[in-house]
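Below: one structure, written as structure tokens.
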Amino acid sequence: MKFLCVRCDEPMAFEKAEGPEEGSLAVTFACARCGARFALLTNPWETQLVRTLGVRIGGRRVPPEPMELVRGTLVQQRDPEPAPADVRAAAPVWTAEASQRLERVPEFVRPMARQAIERYATEQGYREITVRVVDEARARYMP
Amino acid sequence: MAGLGNGKETKMKRYREIVGDGGSAVLAQVQEQRARVESRLARVRHVVAVASGKGGVGKSVVVANLAASLTQQGRRVGVLDGDLNGPAIARMLGVGHQTLRVERDHAAPAIGPLGIKVVSMALLLPRDDTPVIWEAPTQDDAYVWRGTMEASAAREFLADVEWGELDYLFIDLPPGAERLPHLAGLLAGRVRGAVVTIPSQVSRMIVAKAVVLARTAGIDMFGEVENMAGYVCPRCGAVGDLFPGDDAEAAATSLGLPSLGTIPFDPRIALCADRGDPFIAVYPDTAAAEAFAAVASRLDALLEACG
Ligand SMILES: Nc1ncnc2c1ncn2[C@@H]1O[C@H](COP(=O)(O)OP(=O)(O)O)[C@@H](O)[C@H]1O
Ligand SMILES: [Mg+2]
Ligand SMILES: [Zn+2]
């Protein structure tokens, strides 16, 4: 899909993608000439199509996790192999408030979001995941 | 919209006149996925997709036993279970209880008793009777996504599993040929195909469709294995007809494929498959084990000759 500013006859540039939230992605495009902006809001089927292709509109900051799509989409699955004890001991702890925040993420992307936030926290050397850390991770991965 | 076509609007740029995608980067990611598949398979010498016309002809059993025979002949072998909804290979190769190990940047295959590497949906499902259900906007829509999700899952297995050095990677396809064109697109020029049939006219008629479709998709089909060709008497070892009036060579020729050989029906094959024991190792001196070894040698010779 490409977007064209009809007034300027100029291709519009991708600005940002948000979501999925309640099954919808919000993808914003802007015209560099006249500044016009508009958002593409996907319905659940379109959202699913994008997801099934294994792509992120606007590209990815971090490469996909191995088996991210299958593990994020398969409804019933085996518990993953337990992580070695030393890795788990070093994992950052979630505050109650931050956990609540995670609960607002749609269930099917929650494990992925949790992993991404934990990874971010570990990279940054945080021992605790607070709401602020969640916001920082969000800004980093889904600007 | 013809009525709206005044001079001004017809000058509007069209899709092909716009260079790039404005930063959505979707196409670039699709290309990146393909590149990852290619680099994962860089150390695999032969990728062999095994197809059949109908289900139940013994395709999975043949793949499992060929993998075992080739391993015994000193080849390094991996098997990717492409039958996502009817995964059987993991159980047959004795890794049904293992879990797919997902590391930081790759997934690692399960390793069976003979050292055969196996990746299957079965390594992800909690129980043997768990069906594959994909997330969908509503479960009523789930069937709509099945095809797309299955193609994506197959791609993800190929892109993320690190097989290491292999002489052979077998892909056990689901019955029918629907997956072949997609596979050809992903593995352009890297995959060859073989088919498994049984000596019945109906089986042949259906498998012919798979062969034609595969060739149309540009896959080099190099051979046919005929399974359940004759019945081995467990008492005296004599081989009798299971399907009367058959000629495997003539049949393979009619598909335009070299025959890789025939495998007799032997109940112990099914028994071993159910238990996850390698039949050719448990019953090495049987006609069926010799038949598997012969097919493996022929396949090896054929593919080594094409380099
Ligand atoms: N040559 C054979 N002798 C005995 N049983 C066989 C033979 N080939 C296949 N079977 C059995 O037939 C059934 C179907 O085989 P399977 O490999 O699952 O078929 P497919 O993969 O083509 O659907 C299995 O129970 C298998 O053990
Ligand atoms: Mg099968
Ligand atoms: Zn404009």
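The values are calculated or read from the model by the stated rules, or taken from the named source; none is laboratory data. Remember, predicted model here, so these are calculated numbers, not experimental data. Cβ placement follows ideal geometry from the backbone for every residue including glycine, while neighbour counts extend to all protein chains displayed. All accessible areas refer to the heavy atoms of the entire protein, side chains included, with ligands and DNA or RNA removed. Shrake-Rupley method; radii C 1.70, N 1.55, O 1.52, S 1.80 Å.
Picking from residues in segment B:69-93 that are away from ligand 2 (no atom under 16 Å from the Cβ) and open to solvent by less than 20 Å² (accessible area, probe 1.4 Å), the one that is farthest from residue B:168 (Cα to Cα) is B:69. In segment B:103-114, the residue that is farthest from the other protein chains (Cβ to nearest Cβ) out of those that are open to solvent by 20 Å² or more (accessible area, probe 1.4 Å) and touching a strand residue (DSSP E or B) at 6+ places or on another chain (Cβ under 8 Å) is B:111. Only one entry of B:80, B:84 meets the criterion of being within 14 Å of chain A (Cβ to nearest Cβ), in a loop (DSSP other than H, G, I, E, B) and in contact with a helix residue (DSSP H, G or I) (Cβ under 8 Å, 6 or more places away or on another chain), and that entry is B:84.
Return yes or no: is residue B:119 among the β-branched types (Val, Ile, Thr), within 14 Å of another protein chain (Cβ to nearest Cβ) and open to solvent by less than 10 Å² (accessible area, probe 1.4 Å)? Spelling it out, residue B:119 is indeed among the β-branched types (Val, Ile, Thr), within 14 Å of another protein chain (Cβ to nearest Cβ) and open to solvent by less than 10 Å² (accessible area, probe 1.4 Å). Does residue A:114 fit the bill of being open to solvent by 70 Å² or more (accessible area, probe 1.4 Å) and of a type in the set (D, E, K, R)? Judged against the criteria, residue A:114 is a match. Reported count of residues in segment B:49-86, each being touching a strand residue (DSSP E or B) at 6+ places or on another chain (Cβ under 8 Å) and either free of Cβ contacts under 8 Å to residues at least 40 places away in the same chain or away from ligand 1 (no atom under 15 Å from the Cβ) (or both), is 6. In this structure, is residue B:97 open to solvent by 60 Å² or more (accessible area, probe 1.4 Å), under 23 Å from residue B:153 (Cα atoms), within 13 Å of chain A (Cβ to nearest Cβ) and away from ligand 2 (no atom under 16 Å from the Cβ)? For residue B:97, the condition - open to solvent by 60 Å² or more (accessible area, probe 1.4 Å), under 23 Å from residue B:153 (Cα atoms), within 13 Å of chain A (Cβ to nearest Cβ) and away from ligand 2 (no atom under 16 Å from the Cβ) - is met. Might you check whether a residue that is more than 16 Å from ligand 1 (Cβ to nearest atom) and within 14 Å of chain A (Cβ to nearest Cβ) occurs anywhere in segment B:38-47? So far as segment B:38-47 goes, yes, one or more of its residues are more than 16 Å from ligand 1 (Cβ to nearest atom) and within 14 Å of chain A (Cβ to nearest Cβ).
Here residue A:21 does not fit the description of being of a type outside the set (Lys, Arg), facing chain B (nearest Cβ under 10 Å) and open to solvent by 50 Å² or more (accessible area, probe 1.4 Å). Of all the listed residues (A:40, A:69), the sole one being facing chain B (nearest Cβ under 9 Å) and of a type in the set (A, V, I, L, M) is A:69.
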